[in-house]
Amino acid sequence: MRHYLLFICLIFTLLLFSPNCTIKQFVLQKEHGAIDGGQNLVPNGDIEILENGEPVRWNYRGRCAVGCPGFQSDYALTMEVSGQDQAAQWETQLSSIKPHTKYVICFWYRLPQKGRIEVILFGKTLSVDQMFRYNPMHWCRYSAILDSEEMEGNCKISFLAKGGIGPFKFWIDRIELYEGESPIGQNCARLQYQYYNTAYVSPDIISPLPFAFEWTFDNGHRPQEIQYIVELPDEVEFISCALGRICKWPPDGWSITWTRRDDTSKVEIEKILMEGRPYFRVLARVASILGDEKQLTDYVVPVGVRDHWKGSLGRYSGMISMCLYVRSKVSSGSFPFYYYAKWDRGQQPRKRLNLEVITIPEAGSSKNLVLISEVQMQAGDKNPQLAEDFLRIGLNGIGHMDLRGGDSALRNKIGKFRQMGLRYFTSWVNIASYNVDDKDAKAMDLNGQRTGKGGWCLSYRGPGWVKNMNQYKKRLESGVNFLAFDDAKPSTCYCDQCKRLFAQFLRINTDLPYIDPSLFMKEGWNGDQRYKILWKDFSLWHYGRTAQAMKHELVQSLRYRGLNGRIYFGISSWLPFTHPFAAKSLTAFDFDIRQTYMNWASSSFGGSPKKVGDYLYQSQEALGIYARALAATLSPGLTYMHPACALDPYSQMKYQILEAMMAPHFAGYLMYAGKDIDLGDMKYMAEANALMVRFEEIVLKGKAIKPIEINQWSGVRIKKLGSKGLVLVSDYSTYEPIDTIVRFSSNDLDEQTLIDAESGEKIIPISGIYHVKIKAERARLLYFGAD
Ligand SMILES: [Zn+2]
């Protein structure tokens, strides 16, 4: 997954930093009173206009009501049904529908367990039943393109609540219907707050406020510039604003969105009064760029992408195009703020959300853990307090600073950060023979042709290798000291050199005589089938050998230049293997940084921190003596709007870190991708880091006991070091906290009293059984024999 993004990045770098990126002069435009909110064909579609408590223009049948809060708003529609009831239904009248025309329908919803919403429009029934968890409070988005066919003029749209176990509530909000295939309407722009219902700010660290913008303009309607405006209360101090341009990929389709930095657009600040209170307006003027047509045509995030269930990475994380860096001047409170897009002929209706002031605890600093995070868009340039902020939340490494000014700027920044106490500076790399243009780098097939069908030739050391290695050497000279290896690809190359190494692999690890792989891998070969398994294993072993060669060369080069030769390698993606000895050659990798993206898809870790912990425990166990020190690549919500978010999008950050920390041979983590991390994440990162730092010795050196499985959402993990130990008890089985008790016993605990690391509560076993209450805190860290 990592690799794909990096690849896209490279393409955009080539594509977008082309010399024809000239900026058109801003032309003054006259103020327009026209508010461009009238395109939504659903009347009162955001359910914010009420009369006597009823939503204007909506009719209902069954147990229907207005609920609050809505999705990023005050109100939403709700429906309640129990098993025996007739379906509840909301309905409204649409007008001016054109026949044989495509329309986009979008809305946000929440469903009870096994519930289903049916949307009836243009004589068609759309069934909406995707919901990640039982009793979910997480808003999900649905969108579809529908053809009106014979329908014309007035037409109804109905939402029916169906099924569900027990009497549960259905919610719908922000219902939009647009003519055409754009989910925001025609010839307009939109600024959207990423993520969720509240934005957090703090007086303790600089707070990133992430937004996305989208637009769609036909040729001839394109404005000279679009303004993205955020109005913030005076209780907040403005630090800086990072801007990016959303790009789509591929150019003629929509499988991914990505942001490239925009350093040319101007940002203005003006003081204003709002209802008598001092506010300031941040106004980003994003000009149309000539000669960059592809990037500006129909730049809306398309239907289906925002409510994608199969994979979120890239689709979601690529959407941030504006990030404000602010700091609270006060230590508590909640304040409204406003945002909208504006262009020469129109304006998005102003949106309001609340800023909530929170405090970020000081986490303390770790002696031996590796605690690395990537950062928000352009943070290296835009956040003057980046190092202080990182140290406050307990981090000691930083990745992807997104700096301008090339190698020398990076060298200066890393130099300063190092003096302040940060220790690890990461960069994503890959095996130097990967993605090389040279034909000789391509894997040779069974017939002796370098087709590249089997990936890359890991024995290749030609000009492409040299070029990549020179790049890596430059990065190391800038102060980067941690090379994180991106997605690995299997390499099945039948060249003589690769075969010779396979012979060596067999000799070292088995008693089997050498057989030429181009014989035993031929279809229909009837000999000892173990060879085929070993050939697969060899791919990983060879990967490790190649990394060793890279490390050796890089360290030599640094020494030659009189620089500190201490560098770290991390392996983020493992090739499939059967025998653990295939991992024997991976000694060049100081850390196993395998990727565990909790919300990558509803099908992988399923939004469950417990599954992340289980996976890390099992993968370390499977490697046995070949396990590397584990510094897992974790992720923030990726992002919070993703329907696969199974828990509170912020607190899950803390839980996944604690779950990972209980794995064998744990050494730390790397948080990717940084642009999706906001203040809510950082707060919970700080809380988890504080606990890790406090129990660092047990975390690092303790023995991980086989976890106690309560059920698929609940478990107990124990780590012991001599007479001291940690116990992590969790229950993530509902989205909203519901009080439960996790009961367990363990011979490894010797009936010792467990103490809650945060509340100090003592838990004494009763007849050998511990009863641990789980409330709002879904995972509790308990300790014994230590302080
Ligand atoms: Zn080869």
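The values are calculated or read from the model by the stated rules, or taken from the named source; none is laboratory data. None of these values were measured; they are calculated from a predicted model. We place every Cβ from the backbone using ideal geometry, glycine too, and count neighbours over all the protein chains shown. Note: accessible area is taken over every heavy atom of the protein model, side chains too, but ligands, DNA and RNA are not part of it. Shrake-Rupley method; radii C 1.70, N 1.55, O 1.52, S 1.80 Å.
Amide H contacts of Val375: Gly399, Gly674, each under 5 Å away and 5 or more positions distant or on a separate chain (H built 1.01 Å from N in the peptide plane; Pro and chain starts excluded). Cβ-Cβ distance of Asp74 and Ala786, R₀ of 35 Å, FRET efficiency by 1/(1 + (r/R0)^6): the value works out to about 0.10.
Across the stretch 703-787, Cα pairs under 8 Å and at least six residues apart give a relative contact order of 31 percent. Of all lysines in the structure, the ones whose alpha carbon falls short of 20 Å from that of Lys720, not counting any fewer than 8 places away in one chain, are Lys367, Lys610, Lys701, Lys703, Lys706, Lys762. The Rg/Rh ratio for the stretch 432-585 is 1.01, where Rg is the radius of gyration of the alpha carbons and Rh is the Kirkwood radius.
Each label point was placed 7 Å from the Cα along the Cα-to-Cβ direction; for Asp129 and Ser82 their separation is 2.4 nm. A cut-off under 13 angstrom between Cβ atoms defines the neighbours of Leu50, and their net charge, with Lys, Arg +1 and Asp, Glu -1, is -4.
Relative protection proxy for 490-496, 373-379, from highest mean packing down: 373-379, 490-496 (other beta-carbon atoms within 10 angstrom). Modelled label positions at Tyr338 and Gln385, each set 7 Å beyond Cα in the direction of Cβ, lie 2.8 nm from each other. Placing a pseudo-label 7 Å from each Cα along the Cα-to-Cβ vector at Asn564 and Gln449 gives an inter-label distance of 5.1 nm. Computed from phi, the 3J(HN,Hα) profile of the stretch 270-278 under the Karplus parametrisation 6.51, -1.76, 1.60 (θ = phi - 60°) reads 9, 7, 9, 10, 10, 6, x, 9, x Hz, with x in place of Gly and Pro. For the stretch 767-779, putting each phi into the Karplus relation 6.51 cos²θ - 1.76 cosθ + 1.60 with θ = phi - 60° gives couplings of 6, x, 10, 8, 10, 10, 6, 10, 10, 4, 7, 7, 9 Hz, in residue order, rounded to whole numbers and with x for Gly and Pro. Amide H contacts of Phe168: Val81, each under 5 Å away and 5 or more positions distant or on a separate chain (H built 1.01 Å from N in the peptide plane; Pro and chain starts excluded).
Would you please classify the overall shape of the stretch 126-221 from the alpha carbon gyration tensor, given that a ≥ b ≥ c denote the square roots of the eigenvalues, rounded means a/c under 1.5, and beyond that prolate means a/b larger than b/c while oblate covers the rest? Cα axes put the stretch 126-221 in the oblate bin. The residues of the chain have, on average, 40 Å² of accessible surface per residue, using a 1.4 Å probe with all protein chains present.
When the helices of the chain are scored as -39500 (n - 2.57) per DSSP H run of n ≥ 4 and the total is divided over every residue, the value at 222 nm lands at -6000 deg cm²/dmol. Shape class for the stretch 38-99, computed from the alpha carbon gyration tensor (a ≥ b ≥ c): oblate, with a/c not under 1.5 and a/b at or below b/c.
In straight Cα distance, which aspartates and glutamates are under 17 Å from Lys98, not counting same-chain residues fewer than 8 positions off? In chain and number order, the partners are Asp147, Glu149, Glu150, Glu152, Glu176, Glu179, Glu181.
Each eigenvalue of the Cα gyration tensor of the stretch 649-728, multiplied by 5 and square-rooted, gives one semi-axis; in descending order these are 23, 15, 10 Å. Using only side-chain charges placed at the Cβ, +1 for Lys and Arg and -1 for Asp and Glu, the dipole size of the chain relative to its Cα centre rounds to 2380 debye. Counting charges near Gln548 (Lys, Arg +1; Asp, Glu -1) among other residues having Cβ under 15 Å from its Cβ returns a value of +3. Extension gain, Lys773-Asn52: 0.36 nm per intervening residue step, less the Cα-Cα distance, totals 255.2 nm. Counting only protein heavy atoms and a probe of 1.4 Å, the accessible surface of the chain is 50% carbon and sulfur. Have a look at Trp456, Tyr279, Trp343 and report the one farthest towards the positive end of the charge dipole of the chain, computed about the Cα centre with Cβ charges (Lys/Arg +1, Asp/Glu -1). The listed residue farthest towards the positive side: Trp456.
Sequence-distant contacts, meaning Cα pairs under 8 Å at least 6 residues apart, place the relative contact order of the stretch 432-585 at 27 percent.
The mean of 1/r over all pairs of different alpha-carbon atoms in the chain, once inverted, gives a Kirkwood hydrodynamic radius of 28.6 Å. A DSSP coil position with no more than 16 other Cβ atoms inside 10 Å describes the following GluC sites (Glu not before Pro) in the stretch 674-767: Glu751, Glu758, Glu761. Extension gain, Lys367-Ile272: 0.36 nm per intervening residue step, less the Cα-Cα distance, totals 29.4 nm. One chain, two ends: Lys114 and Ile738. Fully extended at 0.36 nm per residue, the span grows by 222.7 nm beyond their Cα-Cα distance.
Sequence neighbours fewer than 8 away in the same chain don't count; with that in mind, list the lysines whose C-alpha is under 22 Å from Lys499. Here the lysines satisfying the reach criterion relative to Lys499 are Lys439, Lys442, Lys453, Lys489, Lys522, Lys532, Lys536, Lys584.
Summing Lys and Arg as +1 and Asp and Glu as -1 over all other residues whose Cβ lies under 11 Å from the Cβ of Pro99 gives a net charge of -3. Rounded, prolate or oblate: which fits the stretch 166-208 when a ≥ b ≥ c are the square roots of the eigenvalues of the alpha-carbon gyration tensor, with rounded for a/c under 1.5 and prolate only if a/b beats b/c? Oblate. Look at the alpha carbon pairs under 8 Å that are at least 6 residues apart: their mean separation over the length of the chain gives a relative contact order of 11 percent.
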